[in-house]
Structure formats: structure tokens, C-alpha cells
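Working notes, beginning with the structure itself.
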4 protein chains.
Amino acid sequence: MVGGGPGAGIGETHRIAMRLDDRYELVAGAFSRDHEKSLAAGRQFGISVDRVYPDYATMAERERERDDRIDTVVIVTPTDKHYEVAKAFAETGINIICDKPLCLSLREARELKALADKTKIIFCLTHNYSGYAMVRHAGRMVRDGQLGEVRVIQAEHASGWAIKLLEKEGHKQAAWRTDPNLSGDASVLYDLGTHAHQLARFITGLEVSEVAAELSHIVQGRAIKDNANLLLRFTNGARGTLWASMAAVGNEHGLAIRVYGERGSLAWRHEDPQHLQYFPIDAAPQILAQGADWLSSEARRWTRAGLGHPEGFFEAFANLYTELADALLARSQGRAWKRTDLSFPDINDGVHGIAFVECAMHSYAAGGAWTKIGSI
Amino acid sequence: MVGGGPGAGIGETHRIAMRLDDRYELVAGAFSRDHEKSLAAGRQFGISVDRVYPDYATMAERERERDDRIDTVVIVTPTDKHYEVAKAFAETGINIICDKPLCLSLREARELKALADKTKIIFCLTHNYSGYAMVRHAGRMVRDGQLGEVRVIQAEHASGWAIKLLEKEGHKQAAWRTDPNLSGDASVLYDLGTHAHQLARFITGLEVSEVAAELSHIVQGRAIKDNANLLLRFTNGARGTLWASMAAVGNEHGLAIRVYGERGSLAWRHEDPQHLQYFPIDAAPQILAQGADWLSSEARRWTRAGLGHPEGFFEAFANLYTELADALLARSQGRAWKRTDLSFPDINDGVHGIAFVECAMHSYAAGGAWTKIGSI
Amino acid sequence: MVGGGPGAGIGETHRIAMRLDDRYELVAGAFSRDHEKSLAAGRQFGISVDRVYPDYATMAERERERDDRIDTVVIVTPTDKHYEVAKAFAETGINIICDKPLCLSLREARELKALADKTKIIFCLTHNYSGYAMVRHAGRMVRDGQLGEVRVIQAEHASGWAIKLLEKEGHKQAAWRTDPNLSGDASVLYDLGTHAHQLARFITGLEVSEVAAELSHIVQGRAIKDNANLLLRFTNGARGTLWASMAAVGNEHGLAIRVYGERGSLAWRHEDPQHLQYFPIDAAPQILAQGADWLSSEARRWTRAGLGHPEGFFEAFANLYTELADALLARSQGRAWKRTDLSFPDINDGVHGIAFVECAMHSYAAGGAWTKIGSI
Amino acid sequence: MVGGGPGAGIGETHRIAMRLDDRYELVAGAFSRDHEKSLAAGRQFGISVDRVYPDYATMAERERERDDRIDTVVIVTPTDKHYEVAKAFAETGINIICDKPLCLSLREARELKALADKTKIIFCLTHNYSGYAMVRHAGRMVRDGQLGEVRVIQAEHASGWAIKLLEKEGHKQAAWRTDPNLSGDASVLYDLGTHAHQLARFITGLEVSEVAAELSHIVQGRAIKDNANLLLRFTNGARGTLWASMAAVGNEHGLAIRVYGERGSLAWRHEDPQHLQYFPIDAAPQILAQGADWLSSEARRWTRAGLGHPEGFFEAFANLYTELADALLARSQGRAWKRTDLSFPDINDGVHGIAFVECAMHSYAAGGAWTKIGSI
């Protein structure tokens, strides 16, 4: 693990996800740029002192040399370090689990993808909402044609977490997420917009082809824009909107999606992840519940305790980890492992996400003009 | 009443709204262009045969001459007739209740407004959702500062009523609403978009200043576009989106609004009109229920039966009628009657609505460019 | 109309219900025991002065003598007067609409039933919740076997209206509803319990056969018990509970029912009356919405405006009135009119309701022992 | 761990709960009565072969002799073995985590309690719903007086899991849960009723003092009664009902509770565990969400990821484990550890639960007569 020392919420989330299904062992790390802190973290996690490294570069180099080298590295640093860390490990041929977004520029994203393709590593990008059983089921329903052709997609990740000027109150995460030097006004899109974008792509199997973007300020005094409203065009002609916000007061985490097709529609909200609403054109709306007998194999595969036993954020995260463990195991045993379009997100999803953000920022800079993904 | 013969749902809605609080008597009408049908309707409604007119022009002329002339005319024809009918009655000085949208062009809308201003008639435009007690309460809360400055408005009127090609199955209302000769692709905005637009204005007291619009097709084979996604800028700098659709499969009537301010937010859905969700910045979210003791006078004024006794579509419609009756009575008794910004919608709302639609259509024609209201 | 002078909420509710579908004319009344008040009410309602009567007895006598006598009388006095007023009009052969509960003793209820049977009047008891379209649909589903044999019924009418000692604050309705001289501790069952009881019977077509009752105090200082929890046995062996309360703090009106069968279940709440949840044994739960195309004729018959246009308390009340109007018209035209088991509640429902309350009070007096309906 | 071999859902649940916060190591077990299966399980769990025991008695004896003996044993056998296994380990002074219900007779329960008291072991009974952050918060609110005196409690654990005759289709869990030889008709109360009973006690701090019980059949052909409706009296005079069912078709897991006091009420449902509804007497209803800033320390202590990140069944289970780990650690370090009335359930809760079930069965046998807890 690179990053994720004690106190870093996302590191602990990844560690819980690892442990949940007991498929991983944490054996090495560079948990902090402060080596003392890193060593302390290593002790806490029960890691041999010789595998607690002063920095990621040393870790990549030394692990490469070991016979019992790590199978996969987990990258949970702040986003601006993802590129260099991922690059270092990709070059050693070590598989990668990287928190989202992949990085902060399309150029870097493409470079990482080329490298990953060349070294044939497995690269899992933790767009964790793809791990929910009912999100998988939604993806299956669309692919099975239960909605007919998709026509409208309304996606949002509008959180209320930063409605106050937390960055001026010593809130570390708020500080880097609103630092204009890291990614300018794009932070709200990198941090939240990419989740909504990936969720829409994952469920529908469609790509966004064009974007028209508007950014705005909610919290006065903030150094960056904290709200984004986008119009979307998809590859099949479907239209939609995407709303990303870090200051939608009163919202909890605020990730939600509605997909409307010619024959039916779906609605899913992260606040109630074990239910999926399905509206067929010719019958009454249905509430599909995780654990119900009649769900798809994709939903059943990622359900542990059954109907009426809520599984949430950590279980969805763990699902990605466990799915990756299956892939790593298959590969280590020389068995074939094939991604499907409902597998865990990978580096391609990362590239798409970064392209989407850059494209939206181009549109905004151009007064909201429709901008083609791929044109930049 | 002009229009609204038997079988016309909107006519019956207006008649129920009239009767509910027993403040009106229906005494004259030109219910159909077919005089025989009109006479039959008159008999059914118990109207004296000499006040069932062959057409609206005759009705306006003859009623003007009567000492017991009607206090107000109700216009419930298809939209393309609103302008001429309203004009005829406005010229006689008879007050008007007109179904929305006001008409189909900004030029006509402005002409009607000038005429109404000149003749000093009271002109009620039945954007009926403004009649809901909890919508009134929402408007009061915003004006009282409970949300702080409004920053984001997400409005939608995305109905699923026309997900099938009803216009090819003999469905009369679908036929005229999807007829490209009446208003081209703008129909979905005139019919549904204006409701969402007016609701946003009514609750927040803000005006839309700029629009960027995208229209699209959901139902293949339909002669007009049946879906519209808009980005909005408001006069105070707030941003938002507006989604109007007639083919959002699975949606019921689909009118909903969320208003986010600096200090709190509100959410209201027409499917559950007696509840308003309120999210203050520093306390737990609240469910405000119609009939609760602690609501504003605006909410209490429009509540008949109290907590837990749902009032719906007809009661909201009746609220506008009853509020207008108060105004008419005051005026007839020589008492002052003053509109407030939470009174029933009037011709100004009509002009704003038509300007909004025309502006959105300009934006769409210009490839989705931001277009200023008032620039056209 | 007997009772229901200005200020009496229930009188105004009945008048709105009459007007809504325009099938009634209010032409006579004894609105108050104070003749001056009654005359004032008559003037307000536009009633000829010679048909505003000093008391119900005079009204019954004089109306009987008129050629244009009233078709039906509406009884909206406090409950303790229902018996004598209903008796007076039944003896004249005038049809009756009576607010619930029918009366305050089983002896009186049976006497009224005998009289109504003898005089062949139509007697409508306004258990108004039976008027909701989705309640009708629920009844149809049970009768069509969509739930299989009913096994458990969970009914409640637990309102929060009297959680404070309103009777000591000059609240008139609270005063008579908590007056131990009127019906002792049974008030909460007469007022609210009979609604839940009737709703259960109406939807399932089953009768309660045995009751075990527990009453208790919520509000200290109240002269009567304000809470009742009952166990039920039904004629087919189904079991259930019924909770009636006037002091369930935080509840709105609090009427709700769940019916569980061998093949499916249903849930309906008065706070959201236009939706009915249906849980089939072998498929996903469904949300049945008023106005949907695929509903039963019973639901469609009582829907005015269609999907997504909420109809509430007054419309449900009006449904009973309009259904009765159909019956009265048929009879006056010499056509057959047949009740079905999904028609408006009548005097038999009234007798069942009073028997139920008396039986529950016997059980409570006997320490909660199971008590057979019909045994008392 | 005793019991919980591969395939036993509850064993895996306990193991996930152990791992989630990384406070436990599974080092010994007797996972199955079939030693081969047990050894296979041990290999899967990475346990040294010399600590995989042929039976619980051997395990208790051998572990007692080890210096590195287990800190605590987890008992996840079928209920009828709980008593003997718990007894064996209690006698060795090894702490115990035991799945609920404690055992199948009050005599055995009292014996275990006496033994636990004597040996001073820590005994955690996994009434896992007590582990939810919002259940803890509910308990805090009641104790802080936010509801005033509690007057009515409506609790239910009515699951739909066994609406079919699963026991005749080779469903192992259904087979033992409906075996009349194990606990007769009491199974539905032992399995589900005790959860609702414990939840009511945990949140309110009140004890049930008297019960009146009715049992019934939902599924025809089942060997035991699968439905129970109870009336309750609590120590402070509050009343309530408890519904336990294994065949409430359409219900998910069906655990829910509503608590009504003199000054407010609370509602919590296991299907949406991260929200608690609060209805104060003098203000609007509130939705309290896990992770909100203003929650009690009890809620914050058991929240990992914060607002809008759902935690569910496994996290609640893990909360009990982690709380117990704190206790075990404190004790092992010689620090004081004090239970509070919002700590994990222990053997006293087990005794209360068994007494409750036996008392309810007495009541049922006595025709539903009110029966005092403690009288049997």
C-alpha cells in the first residue's frame, strides 16, 4: 500500500475492503512521506519492518527484487501522486489497485494505459459504486434489453460535505480538494463527477460523446468552483445531465442515477443501495431488492447475507477487491481470466474519466459549447 | 367558459375547482366549436340556453351587453386559441382565468399583457401547482431567508404520459400536443417546461436570466422532439437545470423541484404534495407536513382538512380559484386587493413563461449557446 | 343536512364531497340547535328560509309532507345524536347519509338496521376511506385471489391529534371526544378503531370473529383511555392486530393497513393514498399507482385526473357521495341498483362496527379475554 | 469457533464481523461434528491443524491447558447446542460470544448466567441489531428524555423468508427452525421474536412485565405455528404489540420498531438502518442520518465512513465484536471495563429473552391470558 497511513480515511476503507472476504494480506507499504509515521503504521498493521519503505520508489524497486513480492499494490495517495506511483509499479510489472480518479491529466492517463497494456498488468480503479450488487444488476438489465434503447440518463453526485468553508477550518481533505493549484476548478468533476460519469457508463454500456458544461460557486470565498452542471450526449444519441457538487446543502453523499429507455427505466440511489427501482413500460413499477431469488447472477454473486440484510459502502468496495482477487488468482494459476463489461473498473475507465473532465473544462472555457470527447 | 365541453379533461378540472369551495357559478359558455355539442354541454351544466353561445366572439360581445354579465371567463381551449379568446374578453373588460401556457408567441403574450394592463382586468393563469399549500410554504421559507441565498435550482417536469406513439392511436390530446404545426419542437417546453419554470420562479422569487438548451427524441417516429434538457442561470447568479419530457417512461406526472441555498435546501415532489423536505445547514432534515401547527399562514390558508388528510390536484387548482374569488369580490366591493409575490400566477407569469420557451428554442437553434432572456 | 353549521369541519367536508362531482343540491337543513345560527348557515348555503328548520324532528316531518322532499338527509351531528336523527328520517322513508360511527350502542344500531330494512331506504355510512380508488383496487385484488387466502391483517388508526390535553384548552372536538359520559373509554375505538376495522373488512371481505383488547393511557390527566391495542381473529382463521390511538405523537392521521395472504401481500397508508404496494410471492414488489392503465375497473371508476395527479381526502369522500347518487338515481328511475361487496359502506357496516367496539370493551373488562363478536 | 463450518451462513457472518476492524484472529475451532469437515474448514481458515478439534468438549479442555489459549470462543451452532457448549467454555473461564437466542429453556439460561457470574467471564450475545449506530442513538435519545415517558412500543420482526414450505424442499435451516421437537411452536419467537423484544428493551431501557400471546399458522402443512401476535405491558406502564413471523410474504427481513413517548416518538427499520425518524411533539419530524455531525457519541463511535456511506448488517455485527474487543483488551491489561446500558447485549439479555418466550408460550397455552414475566 502506498499512502493510507493512520488517519487517512480512504486507506482504512481499502484495508477493510481487503479484509472483508479474507482474500488479501497486507505485507508491505510506504504509508507516509514521513518514514517514522510509516513505520508506526507498519507496526499497527503487523507488517515486517523490512517491508515498510521510506518512499514508493524504494518500495517498487525492492519489492521487484523479492521472490515473495507483492501481487498487487494499492495506491491511496492524494490524486496528484497517482501518476508517478502507478508508473513506478507498472514498470515493475506489479498489478495495481488505484483509487480514483486515475490522475489529473489525459496525457498522463494515456501514458499509464500504454504502460499497463505493455506490461499486461491488471489495473483495478476503485470506482467503488460499481461494486454494488444492484448496480451490477442494473447493468445486466440494460444489456438484456429490459429498458430497450436508452434515451435519457440523469446522473448526479451532489454531496453536501463542503457547504461550509472547511478548508479554512483546518480540514485537511477540504484543503487539498479545493486547492486551485492541483486541478483548478476541475476538482469537483475529478472527485465526484467521475463517479457519476463512470456509473452512467457502467450501467448503460454507453460512452459520453459530447459535453456542454457550466461551473459555478456555491460557497463564497472558496478558491475554486464547487458546483458543475453538465449536458451530455451519448454515443447512441441518448441525452442527459450530470450534476456534480460538493456543496449541495442537505444532501448526504448524493450519488444517484436514473436511466430511461424506450421500454423501461431504472433508478438507483446510493443512500438506499440495496434497492433498484424498475419501471417497465407496460406494467407496474417494481422494487428490486438485493437478495431476492429472481435477481441476475451478477447481483447474486455480490450478495453475502441475503434479502433484508443491508450491505453498504464497505461491501461494495470489498466486491471490487474480491473480484480482483479472483482475477489475480486465475492468472497466478495460469487459468484464463476474461474481463466482461460488468467487471471491476480498470485503466480504460480511468482514461475515459480523465478525458471526460478535460473535455468538460474545455467546454466551460468555451462558454459552454458542446465539446466532443476525443477532440482535445 | 370557453372550451371545456364534455370529454375535455381540463374543462372538468376547472369546473371541479370552481365548485370545491362554492365561490363560483357557471352561467355562460361556448364549450365547443360545434354549437350542438355546446348546447348539450350547457344543458348538462344547467346553463340557460340563451347564454350558451355559438363561439367565443359572440359570447364576449353578448356578455358585455348584459347587466348580469359574467365576472370572469375561463379559457380552456387548446393553447393555440388562447390568444384570440383572451384578447376578445380582455377588450370587453371581463376578468380572465386562462389555462397555461398563456399563448404560443412572445409577441402575442406581450400584446395580451398590454391589453390587460390597460383594461385593468384581473388575469389568473392556472399554473395550478402554485396552489399547493406546501409550495406556498416553500416560497415563504425562501423569502424569510431560511435557505440563505439560493445557489442551485434543479427543476423537472418529466412525465411518462407519451412514451408510446399515442398520436397514431387516435389519442386526441397527444395529437395536438405533438403536432409540429402548432409550436414545432417547443411543445414539450410549452406544455411541461413552463410549469417547472414557473414553479422555480414562484418558490424562489428569482427570474431565469439565461438558458442553454438541448432537445432530443425519445419516441421514434414522433413528429416533434419530446425531451428537453436545459441549463439555467438565474438573476442572482444561481445555476440550475430544467428537464422537461413527455416520454420519461415510468414517471408519473414527474413535476419535482429542489432548491439549494447557502443555509439550507428544499425538495418538493408533486407525487407527494402535502410534504416538503427541508434540509437546514446545521440540523437534521425535516419533513414539513401540510396541516402541521407550525406552518406559515400561506400554508394554513390553503389547507382545508388538516394534518394527515391529503389534499391533491383538485384542491390546489381550487386554491387558485378561491384566491381569485377573494380578489374579484374585493374589487366588486370597492375594497383594495393587492397581489403579493405569493399570489396566484397572472399574465406576467405568462409572459415570462413564453419568453423562457422562445429563448430556449433560440439557444437550441444556436447549438445550445447561452441565450439571454430578453435578448430576443 | 342535520348538524354541520359553519365551523363544524365535518359538515364542510360533506358539503365539499357533495359539490365535487355536482350531483347534489343542498336544499334544506337543521344546522344547529340554535335556530338563529341555523338560519345564518342556511343563508350562507343559499337555502330557502322555509327549509331551514329549528330542529331535526320538524325537518323530518315537514320534508315528508313536501312533494319536492329531499332525496336524502345528511347526518353530521355529534355521534350521540345519530340514533335519534337517523330514526326520525328512516321513519319518513328518506334515504340517509350518516357520518360514522353509526351510533353508540349495539341495541340502537340493530334497531336502526331493522327500520332501514323495513323502509327499504338506502343508508350510506361515510367510512370515507372506502372511497379511495386504491382501497377499492385492494379489495378487488383480494377477491380475485391475488393474495391467496388471507392469513394476517395488521391495521392501525393511530393519530397524533390529541397528544396534548386539548380538552382543557377549549378545543370543542377534543372535549366531546374525551367526555367519559358519552362512551366511556370506548371513544378511541368508536372514533378511530371503527375506521381501521371497516377498512380491514372492506379490503378482505372477512369479518372479525373474536377480539382480545387492551386499553391504556397516553396523556396523563385525560378522563378516558386514549389508546387501544387489540388482537383479532377473523372468520377464516386469519389473525391480526388493530391499534387505535388518539395520542400517537408524531403520527399524522395514522390510518394504515397491511394484508398478508398465502400468495402475496398488500400495504396501504392514508398518508399516500394514491399508491398501493403489492408483494407477490414469486416476483418483485410492485407499486400500484392510481391512474395506471392496468388497474381494475373499481379503481378506474373512482379516478378523475389520472396518473400522477393526487386525489385525496375530499375526493374519496366525494366518491361515496357520487356512488350513492348513482344508486339514488337508479332507484328514482325505477332501475335496479345492486350493492356489491365493494360498494359504499351501509348500515350493516355500521352494525358490525358497533358490535366490534362493544365486544372489545367486554374483552377489556374481562382482562383481555378473547371475546366472540355476537356473544354479547 | 464452535460450529460455523463452510456453508453455515451465520459462521461466515461472525468471521466477517471479526475481520472487519481487524481486532480478532481465528486460531482454533470445532467447526463441524464431522471431523473431516472441520479439518477442511480449519485449512480454509488458515488454522493450525492441532487446534482444529473433533468436538467442542475437546476444544474447551485442550484450549484451557494452553498458555496461548483463546481469549474468547464463538458459539454458532444450532440453538439447541448453545447451552452445553457455552457451559463447557464458561467452566474453563473462557469468554464467550454466543449467537442468539441464548438457549431453549429458562432453566438452562439461568444456569448459564449463574456460571458466567461465578467465573466472571464476559459473555456477548449477538443480538446484532443493537450494534447499529442509529439504534444506539435511539437508545441515547430515550435516556436523554427526548421522548418523555415512553407510552407505546410497536415492535415487529416479521420476515417473509419461510412463506413456502422450504423444510420440505431440502432447506436445512428451514428444517431445524420448523422442527417441533426442538422448541415446539416457540421457534418463531426464539428466532425472531427475541430480536424484536431485545431491540425494544435496548432502545427504551424498559422491561416487558406481562405478555398476552396468540400464535397462528400461515403456511399450511408446516409442523409448527409460524406467526405470533403479542400484546405487551412494560414495567413503566407502557403498552405495545410485538409481531413475529417467518412467513409474512413480501417482507424482507422485517425488523422494525416504533417508540411513542409523551414528548416525541422514534421509528427505525432494519431495511434502512442508517436513518432514524424522530417526531418531536412541538416541531417538524426529523430524519436523523448516520454520520451527521450532531449525533450522539454512541452513534459516532460506531460509524466508520460518515454521512451518506451506508453501513449495514456486517458493520453492525462487527460493532459488537469490536466493542467486545475493547472490553477484552481492557480486562487483559488490567484496566477497568464497565458496561453501560447501551453496551453490547450479554447473558442477562439472554435470560430476559428466554423468559419472554416461555412466558408468551404460557400465555398462549392459557388462551391468551395476560401472563407476568417472572411468574413462571
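The values are calculated or read from the model by the stated rules, or taken from the named source; none is laboratory data. The shown structure was predicted, so the numbers you read here are calculated from the model rather than taken from an experiment. Virtual Cβ from ideal backbone geometry, glycine too; neighbours counted across all protein chains shown.
On the basis of being at pLDDT below 95 and surrounded by fewer than 21 Cβ atoms within 10 Å (Cβ to Cβ), does residue A:339 make the cut?
Answer is yes for this residue.
Determine, yes or no, whether residue D:239 is out of contact with any Gly (no Cβ under 8 Å at 6 or more places or on another chain) and within 10 Å of chain C (Cβ to nearest Cβ).
The answer is yes for residue D:239.
When C:169, C:149 are checked against the criterion of being out of contact with any helix residue (DSSP H, G or I) (no Cβ under 9 Å at 6 or more places or on another chain) and modelled with pLDDT under 95, a single residue qualifies: C:169. Within the stretch C:201-229, the set of residues being among the small types (Gly, Ala, Ser) and buried (at least 24 other Cβ atoms within 10 Å of the Cβ) comprises C:212, C:213, C:228. From the list A:234, A:202, the one residue that fits, being modelled with pLDDT of 95 or more, within 30 Å of residue A:140 (Cβ to Cβ) and touching a strand residue (DSSP E or B) at 6+ places or on another chain (Cβ under 8 Å), is A:234. Would you confirm whether or not the stretch A:322-331 contains a residue that is more than 7 Å from every other protein chain (Cβ to nearest Cβ), among the charged types (D, E, K, R), free of Cβ contacts under 8 Å to residues at least 12 places away in the same chain and more than 30 Å from residue B:247 (Cα to Cα)? So far as the stretch A:322-331 goes, yes, one or more of its residues are more than 7 Å from every other protein chain (Cβ to nearest Cβ), among the charged types (D, E, K, R), free of Cβ contacts under 8 Å to residues at least 12 places away in the same chain and more than 30 Å from residue B:247 (Cα to Cα). Take the residues of the stretch B:242-264 that are within 10 Å of chain A (Cβ to nearest Cβ) and surrounded by fewer than 21 Cβ atoms within 10 Å (Cβ to Cβ): which is farthest from residue B:357 (Cα to Cα)? So the residue we want is B:263. Take the conditions without any contact (Cβ under 8 Å) to a residue 24 or more places away in the chain and hydrophobic (A, V, I, L, M, F, W, C) and apply them to residue B:267. Does it pass? For residue B:267, the condition - without any contact (Cβ under 8 Å) to a residue 24 or more places away in the chain and hydrophobic (A, V, I, L, M, F, W, C) - is met. Residues of the stretch A:80-120 that are closer than 23 Å to residue A:197 by Cβ and among the acidic types (Asp, Glu): A:80, A:99, A:108, A:111, A:117. Within the stretch D:97-109, residues that are acidic (Asp, Glu) have Cβ atoms under 8 Å from residues that are modelled with pLDDT of 95 or more and surrounded by fewer than 22 Cβ atoms within 10 Å (Cβ to Cβ) in these pairs: D:108/D:83, counting only partners at least 6 apart in sequence or on another chain. Count of the stretch B:1-10 residues, restricted to those that are crowded, with 19+ Cβ neighbours inside 10 Å and either over 19 Å from the mean Cα position of the chain (by Cα) or at pLDDT 95 or above (or both), is 4. Residues of the stretch C:150-177 that are assigned to a loop (DSSP other than H, G, I, E, B) and of a type in the set (Asp, Glu): C:169 alone.
Please state which of the following conditions residue A:316 fails to meet, knowing it meets all the rest: (1) of a type in the set (A, V, I, L, M); (2) away from every other protein chain (no Cβ under 14 Å); (3) assigned to a helix (DSSP H, G or I); (4) out of contact with any strand residue (DSSP E or B) (no Cβ under 6 Å at 6 or more places or on another chain). Result: residue A:316 passes all but (2). Evaluation of residue C:285 against the conditions (1) crowded, with 22+ Cβ neighbours inside 10 Å; (2) more than 14 Å from chain D (Cβ to nearest Cβ); (3) of a type outside the set (Gly, Ala, Ser) shows that the sole unmet condition is (2). Evaluation of residue C:33 against the conditions (1) over 23 Å from residue C:181 (Cβ atoms); (2) surrounded by fewer than 18 Cβ atoms within 10 Å (Cβ to Cβ); (3) free of Cβ contacts under 8 Å to residues at least 40 places away in the same chain shows that the sole unmet condition is (1).
Just one of C:80, C:71 is out of contact with any Gly (no Cβ under 8 Å at 6 or more places or on another chain), surrounded by 15 or more Cβ atoms within 10 Å (Cβ to Cβ) and not basic (Lys, Arg); which is it? Full working, then the answer.
Details: C:80 fails: surrounded by 15 or more Cβ atoms within 10 Å (Cβ to Cβ).
Exactly one of C:80, C:71 is out of contact with any Gly (no Cβ under 8 Å at 6 or more places or on another chain), surrounded by 15 or more Cβ atoms within 10 Å (Cβ to Cβ) and not basic (Lys, Arg), namely C:71.
Within the option set A:331, A:269, being surrounded by fewer than 23 Cβ atoms within 10 Å (Cβ to Cβ), among the basic types (Lys, Arg) and over 17 Å from the mean Cα position of the chain (by Cα) holds for one residue only, A:331. I'm trying to understand the selection: among the residues of the stretch A:200-223, which are free of Cβ contacts under 8 Å to residues at least 60 places away in the same chain and farther than 16 Å from residue B:237 by Cα? Selection gives A:200, A:206, A:223. May I ask you to list pairs of residues, at least six apart or on different chains, whose Cβ atoms are under 7 Å apart, with the first in the stretch A:333-358 being farther than 17 Å from residue A:105 by Cβ and the second being polar (S, T, N, Q) and modelled with pLDDT of 95 or more? The qualifying pairs are A:344/A:130; A:345/A:130; A:345/A:198. Scanning the stretch D:152-189 for residues that are polar (S, T, N, Q), closer than 18 Å to residue D:100 by Cα and within 12 Å of chain C (Cβ to nearest Cβ) turns up just one, D:159. Take the stretch B:33-53 and flag every residue that is touching a Leu at 6+ places or on another chain (Cβ under 9 Å) and away from chain C (no Cβ under 14 Å). Correct list: B:49, B:52.
Which of the residues spanning the stretch C:131-149 are assigned to a loop (DSSP other than H, G, I, E, B), away from chain D (no Cβ under 13 Å) and over 21 Å from the mean Cα position of the chain (by Cα)? Matches in the stretch C:131-149: C:144, C:145.
Within the stretch A:207-224, being more than 10 Å from every other protein chain (Cβ to nearest Cβ) and over 16 Å from residue B:229 (Cβ atoms) holds for A:207, A:221, A:222, A:223, A:224.
Is it the case that the stretch C:9-25 has a residue that's away from chain B (no Cβ under 14 Å) and aliphatic (A, V, I, L, M)? No, because not a single residue in the stretch C:9-25 is away from chain B (no Cβ under 14 Å) and aliphatic (A, V, I, L, M). Looking only at the stretch B:359-372, residues that are away from chain A (no Cβ under 14 Å) and surrounded by fewer than 19 Cβ atoms within 10 Å (Cβ to Cβ) come to 1 in all.
Being surrounded by fewer than 21 Cβ atoms within 10 Å (Cβ to Cβ) and out of contact with any Pro (no Cβ under 7 Å at 6 or more places or on another chain) is a property that does not hold for residue A:303.
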